[in-house]
């Protein structure tokens, strides 16, 4: 393939992914109520975003829900992965199999089936937030499990045994030997859980209290309602989230670049180069 | 009680039984019972004899197949170009491709909708096209990433050997690169196909009023018709099950690549 064709194709793909977000970002700083209108700078969308109780409430609610469900999912999933790793084959295999279901299943089906079990069969009240949190933990915990398990497999088992031989209790050996070795899996599992919970629409729709909204459910309802000042305030929200993502990505890249450097430095020192 | 590492798995095991296995069992029971709790096949027969629901099934399949093919046609060259380029900043470019996915999908679809409304005037004129475009916009990185992963791990010496043995560029691509990247294609297809059969919000937001399978569950849910809704959920489960059976061991890394796509 010609280099120029390759480049143009690649740029078109990136443009396809970014143009809508960037157009919205530009218009979020204007007083326009539709894309395509004349550009006149205005910060009113950001004022609306941060002062309308409805909007701030649902943003804070979404973040709290993500933090709480990700924390529960991380504890459950990590403990589950450790348990499965040291269990007999058959038990581990059945856990793996059940763990796969929410991963491959459509979120609509997961949300709907949880709603039937918890709300219709057992009569749990959606207003208690229990079905919603349970739903989000069900969505997230399998991914924590999947990101912790490979780290356990990479671990050197003799270190744990050495700790026991040197007199550590199994619990102490777990917290001081095993956990530190799998911590990177736990952290990425937690981060993954947060992003999954923040992005979810379907499980929330089927399990949330009627008066509570997450960002997704709010945005979907707002696009139907078409209240102009709310609609354009959501452009500002999209831009704020985009800015946060960019900052996190740059920070993570700088950190990992620094880590890579120190790693290669230690490597050089050891090798005596 | 003595501390045991195995015992750590018990809470999650119980959790999976209660929140994963039990809901599926309930779906099966509800799909084949009526409001009085008696066995009935009405929902099952109803689905396969009603032209409306059958039409919905066909429309979802059409949307899902076209979206998957479009994603594949865009994603494969993108992944291929990136994997074979000699630029150093591959990780950065990969990050640029993944980054939009961290913005809430409803906001991304809103962005697409606003831009499309300007370009098309009225979104209602091109419902099928807009839906495929919206789903491609939303799911494309899920297709690019697994394909890129398999392509970047490809052993270059195989291609050199092929060239030494006289294979042209085209034939070494068809006989070596393509078969070896099949696992990536399969995980990408899995991650695009099923959501495009069920993510009815993208249709709703782009003013496509035709139903797909997911919208049926949504409308039965709004009507409190748990039994008919369960039947749709069960049919979707069967489709998902068939799909995993069909793709077999090749999808083993589907979950990992979904995780990889998001992190």
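The values are calculated or read from the model by the stated rules, or taken from the named source; none is laboratory data. In this text, all values refer to a predicted model and were calculated from it rather than measured experimentally. Cβ: placed from backbone, ideal geometry, glycine included. Neighbour counts: every protein chain shown.
Things to note:
Quick grid of which residues meet (1) over 21 Å from residue A:25 (Cα atoms); (2) within 9 Å of chain B (Cβ to nearest Cβ):
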| site | (1), (2) |
| --- | --- |
| A:206 | yes, yes |
| A:212 | yes, no |
| A:219 | no, yes |
| A:223 | no, yes |
| A:227 | no, no |
| A:230 | no, no |
| A:233 | no, no |
| A:242 | no, yes |
| A:255 | yes, no |
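- Test: residue A:55 is modelled with pLDDT of 90 or more and closer than 26 Å to residue B:96 by Cβ: no
- Residue list for segment A:218-247, filter: surrounded by fewer than 21 Cβ atoms within 10 Å (Cβ to Cβ) and within 17 Å of residue A:18 (Cβ to Cβ): A:240, A:241, A:243, A:244, A:245, A:246, A:247
Conditions (1) within 14 Å of another protein chain (Cβ to nearest Cβ); (2) in contact with a helix residue (DSSP H, G or I) (Cβ under 8 Å, 6 or more places away or on another chain); (3) part of a helix (DSSP H, G or I), marked per residue:
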| residue | (1), (2), (3) |
| --- | --- |
| B:10 | yes, yes, yes |
| B:16 | yes, yes, yes |
| B:46 | no, yes, yes |
| B:52 | no, no, yes |
| B:55 | no, no, yes |
| B:58 | no, no, yes |
| B:68 | no, yes, yes |
| B:73 | yes, no, yes |
| B:81 | yes, yes, yes |
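- Members of segment A:154-174 found to be within 14 Å of chain B (Cβ to nearest Cβ) and outside any helix (DSSP H, G or I), listed by number: A:155, A:168, A:169
- Flag if residue B:62 is within 11 Å of chain A (Cβ to nearest Cβ) and either within 16 Å of residue B:214 (Cβ to Cβ) or buried (at least 19 other Cβ atoms within 10 Å of the Cβ) (or both): no
- The residue list A:121, A:137 contains one member that is modelled with pLDDT under 95 and under 30 Å from residue B:236 (Cα atoms), which is A:121.
- Filtered by the rule that a residue be surrounded by 14 or more Cβ atoms within 10 Å (Cβ to Cβ) and under 25 Å from residue B:133 (Cβ atoms), segment A:27-60 gives A:27, A:28, A:32, A:35.
- Residues of segment A:170-227 that are more than 30 Å from residue A:52 (Cβ to Cβ) and within 16 Å of the chain's Cα centre (by Cα): A:184, A:185, A:186, A:187, A:188, A:189, A:190, A:192.
- The set of residues from segment A:175-193 being surrounded by fewer than 21 Cβ atoms within 10 Å (Cβ to Cβ) and either modelled with pLDDT of 95 or more or more than 8 Å from chain B (Cβ to nearest Cβ) (or both) comprises A:175, A:176, A:177, A:179, A:180, A:181, A:183, A:184, A:186, A:187.
- Residue satisfying condition, being within 14 Å of chain A (Cβ to nearest Cβ) and farther than 30 Å from residue B:235 by Cα, within set B:101, B:95: B:95
- Counted residues, segment B:105-125 - those being closer than 9 Å to residue B:206 by Cβ and at pLDDT 90 or above: 4
- Among (1) out of contact with any helix residue (DSSP H, G or I) (no Cβ under 7 Å at 6 or more places or on another chain); (2) under 30 Å from residue A:150 (Cβ atoms), the one test that residue A:4 misses: (2)
- Residue match in segment B:110-133 (condition: within 11 Å of another protein chain (Cβ to nearest Cβ), without any contact (Cβ under 8 Å) to a residue 24 or more places away in the chain and at positive phi): yes
- Of all the residues in segment A:7-29, those that are in contact with a helix residue (DSSP H, G or I) (Cβ under 8 Å, 6 or more places away or on another chain) and over 17 Å from residue B:83 (Cα atoms) number 12.
- On the stretch given as segment B:148-189, residues that are part of a helix (DSSP H, G or I), touching a residue at least 12 places away in the same chain (Cβ under 8 Å) and under 26 Å from the mean Cα position of the chain (by Cα) total 15.
- Counting only helices (runs of 4 or more DSSP H) that sit completely within segment A:1-117, those holding 2 or more residues that are within 11 Å of chain B (Cβ to nearest Cβ) and under 30 Å from residue B:230 (Cβ atoms) correspond to A:53-86, A:89-104, A:107-115.
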